[in-house]
Amino acid sequence: MARNLSARPTRRLALAGATALLAGALAWPAQAQETVKLGLVAAMSGQSAKSGEAIVRGLALAIDEMNAKGGLLGKKVELVVRDDESNPAKGVVAARELVQREKVAAFFGGLDTPVSIAIVPFANQSKVPFVGVWAAGTPITKNGAADNYVFRVSAVDELVDVALVDYAVKKYGAKKPGMILINNPWGESNEKGLKDALAAKGIPFAGVEKFETNDVDVVPQLTRLKQAGADVLFLVANVAPSAQVVKSLDRMGWPVPIVSHWGPAGGRFGELAGASADKVHFIQTFSFSGNPSPKAAAALAALKAKYPEIKSLADVTPAVGIANAYDAAHLVGLAIAKAGSTDGTKVRDALYAIDSYDGLIKTYKTPFSKENHDALASSDYIFTYFKGDEILPLGN
């Protein structure tokens, strides 16, 4: 009902409005039953918007396939998306809206570890499965909750950090690496993981330096690492701050190798970092490039058909967001079908009961258990680099 906000409402209008609101509230449960809703809270704007776009594409492709086979529980599956703007407080508000108003059966998380960590307590309290498809912070799934509703089809920091150390030693012969980490919970998660991984190999580190998302010059931090004798840098940050590290290294003229978490994949890294973007080697869970899998070929063809703007492999960057989201959506769909219900606890328990699923990243065998809420392992990681706008795999 349209309202003139400048006019004083009459008693009749107020009563009419209240009646309309009541009628809407009474009608809502019936509306919620018409479709099975899945939600997404992710960065759909800002420097990391390409990550959100990739996740939406992966989820939408999986949902199209579900609906082509009759949907779930005899109903059409619908995706409801909310932009968290990479802001934890906004992410929690968006999660509440999806669960309490949209009545989603499950919802997915996006790029940012701080946002996902902020959502975790609400997901566990509301007893609605929350499935991460990008954010890698270890505490997201290992959150200490006795009744845990948080799952992930993505990398995990504590496993990534072991892989980063192994790669730095094998590729560059690292003997005294340094760390340049974003100053937030994601950086903290990786600081612990990298220190543990280095200690396990008996390798000392040159130092740990932190920087902020909006820093435009990190030369002072990098200078301290250089003076401390760092022979490789471990980088943990999202797109824009990672680009600032690369540009600061260029200003210094320091050609130190960079082994990075997957933050650069989340947006326009090649454009922002400049000519040295291809020097950064970073971890991923999937690539369409050089992938001989028939399932990957079919998914790429479906993406091109659904999104005509996709002309080349560079247009599906970051593929990791597409693949993680696609597999996660199908795993959730299998759980809902197995549960025969959208009840959160039944869906959570059904996730434990999945025997296998032939996914885009791999064939999953019992992907989840009460002890393990992460479907991917370190054996599923690959190293990549940017060539122009395309992410290409490297030999591990």
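Numbers for the structure displayed
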{"read-out": "Pairs where the first residue, in the range 370-396, is under 12 Å from residue 282 (Cβ atoms) and the second is charged (D, E, K, R), C-beta under 8 Å, 6+ apart", "value": "385/278; 385/279; 386/278"}
{"read-out": "Candidate set from the range 356-396 (those that are among the aliphatic types (A, V, I, L, M) and at pLDDT below 95); member that is surrounded by the fewest Cβ atoms within 10 Å (Cβ to Cβ)", "value": "377"}
{"read-out": "Condition met for residue 176 (charged (D, E, K, R), open to solvent by 10 Å² or more (accessible area, probe 1.4 Å) and either within 18 Å of residue 86 (Cα to Cα) or in contact with a Gly (Cβ under 7 Å, 6 or more places away or on another chain) (or both))", "value": "yes"}
{"read-out": "The listed residue being surrounded by fewer than 24 Cβ atoms within 10 Å (Cβ to Cβ) and free of Cβ contacts under 8 Å to residues at least 40 places away in the same chain, out of 121, 114", "value": "121"}
{"read-out": "Flag if residue 228 is surrounded by fewer than 24 Cβ atoms within 10 Å (Cβ to Cβ), aliphatic (A, V, I, L, M) and in contact (Cβ under 8 Å) with a residue 60 or more places away in the chain", "value": "no"}
{"read-out": "Of residues in the range 81-110 being in a strand (DSSP E or B) and open to solvent by less than 10 Å² (accessible area, probe 1.4 Å), the one farthest from residue 128 (Cα to Cα)", "value": "109"}
{"read-out": "Answer from 128, 165 - the residue that is open to solvent by less than 20 Å² (accessible area, probe 1.4 Å) and in a helix (DSSP H, G or I)", "value": "165"}
{"read-out": "Residue among 323, 230, 240 that alone is over 15 Å from residue 391 (Cα atoms) and at pLDDT 95 or above", "value": "230"}
{"read-out": "Filter result (out of contact with any Phe, Trp or Tyr (no Cβ under 8 Å at 6 or more places or on another chain) and in a loop (DSSP other than H, G, I, E, B)) within the range 132-162", "value": "134, 142, 143, 144, 145, 146, 147, 148, 153, 156"}
{"read-out": "Counted residues, the range 337-355 - those being in a loop (DSSP other than H, G, I, E, B) and either exposed (fewer than 15 other Cβ atoms within 10 Å of the Cβ) or among the hydroxyl-bearing types (Ser, Thr, Tyr) (or both)", "value": "5"}
{"read-out": "Subset of the range 302-320 that is loosely packed, with under 15 Cβ neighbours inside 10 Å and of a type in the set (Lys, Arg) - its residue that is modelled with the lowest pLDDT", "value": "311"}
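Rundown of residues vs (1) in contact with a Leu (Cβ under 8 Å, 6 or more places away or on another chain); (2) of a type in the set (A, V, I, L, M, F, W, C), yes/no style:
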position: 45; (1), (2): no, no
position: 55; (1), (2): yes, yes
position: 78; (1), (2): yes, no
position: 92; (1), (2): no, yes
position: 112; (1), (2): no, no
position: 136; (1), (2): no, yes
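The values are calculated or read from the model by the stated rules, or taken from the named source; none is laboratory data. Here the structure is a predicted model, which is why all the values come from computation and not from measurement. Neighbour counts are summed over all protein chains in view; Cβ atoms, including those assigned to glycine, are modelled from backbone coordinates with ideal geometry. Please note that ligands, DNA and RNA were not included when accessible areas were found on the heavy atoms of the full protein model with its side chains. Shrake-Rupley method; radii C 1.70, N 1.55, O 1.52, S 1.80 Å.
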